[in-house]
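To start, the structure itself, in structure tokens.
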Amino acid sequence: MTEKSKRLSEHRCFGGVQSFHEHASSVIGLPMRFSVFLPPQAQHGPVPAVVYLAGLTCNEETFMTKAGAQRVAAELGLALIAPDTSPRGANIPGEDDSWDLGVGAGFYLDATQPPWSAHYRMETYITGELLPLVASAMPLDASRIGIFGHSMGGHGALTLALRHREVFKSVSALAPICAPIRCPWGRKAFTAYLGSDESAWTGHDATALMSALHAAPYPGGILLDQGLSDKFLAEQLHPHLLEAACQKIGQPLTLRRHEGYDHGYYFISTFMADHLQHHATQLAA
């Protein structure tokens, strides 16, 4: 793509192209990987794109291989972009010790606490480096970018959408961590990455961010799907808190609760078409 990036592989897929890339990130200070699906419509000009943020332990390949998204994206003319979930190779002591902190668990924020702050800068990486890189090298319409994600990535999608409304024109999430300051995953990550002062945490909590607003940031609506057999629902996810915050400021929210569905990619793939249609509709407006 550029002198600082290379294509690792490329595959024809539903008339479009699925590709995997690595580049030298100046923001992270390490090599980073990402994947892109370009629909067939991209052969004729710039297309809208949706960024997908994956959950804990995942990487840039997980969504593209498990979600079944390319067929629908090809029909709708949507590009898909999936970054990795954290830096890799930072050699921070303990970064591989647990699955919910460090490698595979960047939480899509810029760490302020050493040793994490040297490399764990996922928010600036995605919004300030990755998106401009891909948009400059591929036929994407940078004025029509949406974002969605799953679990930790759902947290990332919601918070980045609320923090960067000038970048993201649509947002949705599947089983997102809606109030990380109130759940074990979030409190562990925020303590490590942002420090023990909890006042610094609210800017990375979707419920807190929404509660601080006085008008709907996404008047076209936000779509959330949640499985009711999700083992993480009660302790970690708390969608009801975000639902209440949205109601308070008049933010349209479609929160669908599904009997029998769990936290995994069978659930994600079941409702993927609805999410891509949600983004296609809003990005076409």
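The values are calculated or read from the model by the stated rules, or taken from the named source; none is laboratory data. Computed from a prediction, not measured in an experiment: that's the story for all the values here. For neighbour counting, all protein chains shown are included, and Cβ atoms are generated from backbone atoms with ideal geometry for every residue, glycine included. Just so you know, the surface numbers come from the protein's heavy atoms only, side chains and all, with ligands and any DNA or RNA stripped out. Shrake-Rupley method; radii C 1.70, N 1.55, O 1.52, S 1.80 Å.
Taking 0.36 nm per residue of separation and subtracting the Cα-Cα distance, full extension of the segment from His11 to Arg187 would add 59.4 nm. An ellipsoid equivalent to the range 172-285, defined through the eigenvalues of its Cα gyration tensor, has semi-axes of 24, 20, 12 Å when rounded to whole angstrom and sorted largest first. Anisotropy class assigned to the range 195-240 is oblate, per the alpha carbon gyration tensor with a/c at or over the 1.5 cut-off and a/b no larger than b/c. When you restrict to C-alpha pairs under 8 Å that are six or more residues apart and normalise by the size of the chain, the relative contact order lands at 17 percent. Site pair Lys66 and Ala137 shows an inter-label distance of 2.5 nm when each label is modelled 7 Å from Cα along Cα→Cβ. Under the shape rule built on the C-alpha gyration tensor, where the axes satisfy a ≥ b ≥ c, the range 128-185 is prolate, since a/c reaches at least 1.5 and a/b is greater than b/c.
A Cβ-based charge dipole, computed about the Cα centre of the range 57-190 with Lys and Arg at +1 and Asp and Glu at -1, lands at about 440 debye.
Think of the chain as a dipole: +1 on every Lys or Arg Cβ, -1 on every Asp or Glu Cβ, centred on the Cα centre; then among Ile268, Met138, Val36, Met138 lies furthest on the positive end. If only the Cβ of Lys and Arg carry +1 and only the Cβ of Asp and Glu carry -1, the dipole of the chain around its Cα centre is close to 460 debye.
State, as an integer percentage, the relative contact order of the range 67-114 based on alpha-carbon contacts under 8 Å between residues 6 or more apart. Once normalised by length, the contact order is 31 percent.
Relative contact order of the range 65-199, taken over Cα pairs closer than 8 Å and 6 or more residues apart, is 20 percent.
The residues of the chain expose, per residue, 39 Å² of accessible area to a 1.4 Å probe.
Extension gain, Tyr266 to Ala118, is 49.7 nm, computed as 0.36 nm per intervening residue step minus the present C-alpha separation. Net charge dipole, the range 70-143: roughly 180 debye, given to the nearest 20, about the Cα centre with Cβ charges of +1 for Lys and Arg and -1 for Asp and Glu. Shape descriptor for the range 1-141: Rg over Rh equals 0.99 (Cα atoms; Rh from the Kirkwood inverse mean 1/r). Ligands, DNA and RNA left out, the accessible area of the chain computed with a 1.4 Å probe is 51% carbon and sulfur. Annotation: extensible slack from Leu213 through Asn91 equals 40.0 nm (criterion: 0.36 nm per residue apart, minus Cα-Cα distance). Set Lys and Arg Cβ to +1 and Asp and Glu Cβ to -1, take the dipole of the chain about its Cα centre, and tell me which of Ile81, Thr254, His278 lies farthest positive. Towards the positive end, the residue furthest out is His278.
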